[in-house]
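Comments concern the structure below.
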Amino acid sequence: MNDSTAVTDPIPAPQKNWLGKIRALFLRSETLRGYTLLSPTLIIMAFSMCVPFAIMVLMSFWTQVGFEFDSTLTIANYAQAAERPVYEALLLRSLAISATCTVLTVLLAYPMAYYVAFHVHHHKLVWIILMTLPFWTSYLLRVFTWKIILGFNGVINSGLIGLGLIDQPLEFLLYSPSAVVITLTHAWAAFAILPIYVSLEKIDRSLLEAATDLGDGPVARFLRVTLPLSLPGVIAASLIIFIPTVGDYVTPALVGGPDGIMLANMIQAQFGKVNNWPMGAALAVGMMGIVAAISVIYIWLTRKLTERIE
Amino acid sequence: MKGVSYIRRPNRPLHVYALLYLAFLYIPVLFLPLFSFNDSLYISFPLRGFTTKWYASMINNEPMLAALLNSVKVGATTAVLATILGIFGAKAVTRYRLPGRKPVVFVIMLPLVIPGIILGVALLILMSRMGVTLSLYTVTLGHILISVPFAMATMIPRFEGFDKSMEEASADLGENAIWTFWRVTLPIMFPGVLASLLLCFTISFDEFIMAFFLAGTDPTLPIFIYSQLRFPQKLPGVLALGACILVISFLVVFFSQWLRHRGTAGTARVGI
Amino acid sequence: MSGKDAYISINNVSKRFGPVVAVDGINITISGGEFFSLLGSSGCGKTTLLRVLAGFEAPTSGEVYIDDMAMSEVPPHLRPTNMVFQNYAIFPHLNVRGNIAYGLRKDKLAKAELLRRVDEALEMVKLPGFGDRRSNQLSGGQRQRVALARALIKRPKVLLLDEPLGALDKKLREEMQIELRALQQTVGITFIFVTHDQEEALTLSDRIAVMSEGRVLQVASPKELYNRPVSVEVADFIGQMNFTDATVIDVQNGRAALDTASLGRVQVPVNGDFASKGAQVVVAIRPEMLSLSRERGPQGENAVQGVVKTAAYLGDRSHFYVSVDGSDKPFAVAAREAPTSLTQSLDAGTPVWLTWPDEAPIVLPRP
């Protein structure tokens, strides 16, 4: 290693032209380098969401004439949606079903998440995988399995008849709002568990021991320490379930029947059989707005509540 | 009870509840394979006999095989492109000081909180205004949109757990950004990349809502299944197909989760 | 010695991270073949400066020249520097040979030649035969040597070392210090060494830059830093030092007469404008320059009375803390001789006389 020749690459001479200036700026600015790297992702994502939304909003002010669009701006679609009772009814039903489903799912998932966070000491990974596996299978199939379970000749009915518990199949099981709720609760159960589990897992166990030391029994401890600290996870889980379910049309279509269809089915119809795209756009914008508003209020409310605690 | 701290006392009712809950999660899904072996056109009890004829019929079902191939094509493309975008995004967000990082990440993660129908409708409108015919390409675009947040969410912890000085050492030793990525970043990140590919593929493969809006004449597999649901005699065949998809999805996801957790353990050991 | 023309010039370099100024107006020149250390406690900016040299941070202002070439347009992978990282950054997916040969890809060497060079590098860092090991089979000290070999095999003009010995235990660290110094002298390239351990810097370096809060306090050889620190901060950082406040009574011919708070009147050489007549200064004196005796020595000798506070006998050395009037901190005295009958009975409470040679005290500006 006593060679005196240093074997290095020739250092490029600095360029004085504008290209060189850009290169120099690039080398100096970390922000510039970072954003350049980010740009394909950011541009594609922003473009694929902003532009379509913008056009959708624009289209909601148009009207459908045969197969063409009349692009004179008008709020006729929104007016119609506000006036005709069917839209309001559908909206309310959609919100009710989603809300019920969200509450049920979170309520059912919480004890499960609690169990794995606090009472599983070995092979936690296995439990986590078991809990999340259903998450990754076909949504369509999960909905479909409930169709065959709840059906007239389906699993429950044929099972109960076979066991001699009933004579006639139960009619109310399928094609009703309750069917939609049950199906959605099952389909989204796995989504709720993870966020709740993560926030429960993060709770410092010594806080619970301190609470016990200060006189709290198990119930008080749960209500005063565990529950408040797990609230972020509960909020996350609620939103993860509520938002997509409001816009679900597959489940109502398969198990909802005429009494169970939701707003999303109406929207889908506008782009299908009814062929009134501007109306569909208006309904979509309306739904989006209401969902966003509810989410913001929900988050704000829970922030207010947790601020008192923190 | 000896040796277990007070906070960690076992709780029998909760234990039972957990098992019931797991049953609730899995049993409905298990009916699919159960009835796919049932020798009857009707999905009801009692079971009529074991048969594999529904599975056999799948092999000759040309439209189904075509739809399956379409889903594979869309899934693979989505996986690769979404993962690439996810890698760029994750690296940019974790390795560089970016002003405005939070809003940027929020925008990229936005598809997670938007109902699929809204995304589908919006993209449909865009495509039609741009005069683009609906096809598997438009479906792929939609799928990339919803997969990128997942890819980023998989990649970001990977990059954060991966020592920055490795890449700096590579640069210090003479490799430019591209060579550094190829020789150091990618090999070390490989389990995460693989997990992201599998994850995005699965998301795309099973996705129905957006595909329904954005597909043209070539259906993806979920669209095909949906179309079969109105024909009672096709039902068991659909069950067989469904059972196959279920098993394969399970295997793929299990494998990717295992990879994900194995990979992080390995690099954590080495990162001094 | 090779690489003499590789000299480094850091011109007024500053680096800001948002509102935080990590490095402020640094001016240093480093000669080829020098073992140069950046010394300071954590947060002083030494690592940031090193990374600016390596190219991982671009300076907010100022310029770095290596071998008369401006580095501002040269990205890290093209600079004539190589770095040994604090946590070694050994690639986990390559074995030792793969790691060491990593930087040679562009040279497109024949396989035989490549292997020969890697073996040569392994010999140099005293890890012969380690080529096939994987990184998780190496100890901390071994990893450090692999990192060294990986950098040196590229024969850079400048080697940058970021606290490379920090993670090693004391004995290993001392061994590695000796080896590093020997290595640097064999290879003959410039080493820039970052550390917070002043003993380490004093042992290894040709020159040291003492840094604090982003600024350079003093650049000098270890001997000069020790004997002629330019400020209280530097004096306190390097080795142990006793301080007492003083006022300048008179200055003549480069010598000042000072009235000190605890050492009486002293006369010492001074340089620097701060020591003008009437100025408030600080007088500093090293513990090993002070001696203890029971009786007052001959007249004219520098002497002051005190009481022993604590005494520690450390085998070949003795350490005393003596409280003296006029100073709230006791004076540290280090006696290098073995305990004699004199020092053996200097327990706490014994009154003693502190004496020192004329040229021992140093005058420093009051901070």
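Here, each number is a calculation from the coordinates, and none is a lab measurement. These numbers were taken from a predicted model, which means no experiment stands behind them. Using ideal geometry, Cβ is built from the backbone for each residue, glycine included, and neighbour counts are taken over all protein chains shown.
Overview of results
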read-out	value
Percent RCO, i.e. relative contact order, over chain B, from Cα pairs under 8 Å lying at least 6 residues apart	30
Nearest-0.05 FRET efficiency for B:Y17 and B:M58, computed from C-beta distance (R0 45 Å)	0.70
Restraint check, B:K53/B:K234; C:K171/C:K223; A:K147/B:K234, Cα-Cα greater than 18 Å	C:K171/C:K223
Charge dipole (the stretch A:84-309, unit charges on Cβ, about Cα centre) - positive-most of A:Q268, A:F242, A:G164	A:Q268
Under 13 Å from C:K277, Cα to Cα: aspartates and glutamates that are on another chain or at least 8 residues apart	C:D250, C:D259
For the stretch B:54-62, 3J(HN,Hα) per residue [Karplus equation, 6.51 cos²θ - 1.76 cosθ + 1.60, θ = phi - 60°, Hz, x = Gly/Pro]	5, 5, 4, 5, 5, 5, 8, 7, 4
Amide N proximity, the stretch B:204-223 versus B:I248 label position 7 Å along Cα-to-Cβ, cut-off under 16 Å	B:204-208, B:219-223
Neighbouring partner chain Cβ atoms per residue of A:52-64, average, 10 Å criterion	4
Cβ-based charge dipole, the stretch C:8-233, positive-most Cα from C:A112, C:P75, C:N11	C:A112
Debye, to nearest 20: dipole size of chain C, +1 on Lys, Arg Cβ, -1 on Asp, Glu Cβ	1440
Electrostatic dipole magnitude of the stretch C:1-155 [Cβ: Lys, Arg +1; Asp, Glu -1; Cα centre; debye, to 20]	720
Residue-wise HN-Hα coupling along the stretch B:190-199, computed from phi with Karplus coefficients 6.51, -1.76, 1.60 (Hz; x: Gly, Pro)	3, x, x, 5, 4, 4, 5, 4, 5, 4
Fully extended contour minus Cα-Cα distance, from C:A334 to C:Q185, at 0.36 nm per residue	50.3 nm
Residue-averaged 222 nm ellipticity for chain C, from DSSP H runs of 4+ at -39500 (n - 2.57), nearest 500	-6500 deg cm²/dmol
Inter-label distance, nm, simple model (7 Å from Cα along the C-beta direction), C:T310/C:K171	2.8
Under 20 Å from the Cα of C:K106 - lysines, other chains or at least 8 residues apart	C:K154, C:K157
Residues A:R205 and A:L19, FRET efficiency given R0 of 56 Å [Cβ-Cβ distance, rounded to 0.05]	0.40
Residues C:T350, A:T245, B:T140 arranged by fewest to most Cβ contacts within 10 Å	C:T350, B:T140, A:T245
Dipole moment magnitude, nearest 20 debye, the protein assembly as shown about Cα centre, only Lys, Arg, Asp, Glu C-beta charged	1760
Karplus-derived 3J(HN,Hα), 6.51/-1.76/1.60, for each residue of the stretch A:226-238, Hz, glycine and proline x	4, 4, x, 6, 8, 4, x, x, 5, 4, 4, 4, 4
Chain A, relative contact order in percent, only Cα pairs under 8 angstrom and at least six apart counted	23
Nitroxide proxy distance, nm - points 7 Å out along Cα→Cβ at B:V107 and A:D216	4.2
FRET efficiency estimate (nearest 0.05) - Cβ-Cβ, A:E83 to B:T133, R0 30 angstrom	0.25
Among A:Y78, A:T132, A:Y115 - extreme Cα towards positive end, dipole of the stretch A:68-146, charges at beta-carbon	A:Y115
Burial ranking of peptide ranges A:224-236, B:94-106 (average Cβ count within 10 Å, highest at the top)	A:224-236, B:94-106
Counting all C-alpha pairs of chain A, share separated by more than 26 Å (%)	65
Potential extension, B:A66-B:T51 segment - 0.36 nm per residue separation minus Cα distance	2.9 nm
Qualifying lysines (Cα of each under 17 Å from Cα of C:K15; at least 8 residues distant if same chain)	C:K46
Inter-probe distance in nm under a simple model that places probes 7 Å from Cα toward Cβ, at C:D107 and A:K273	7.7
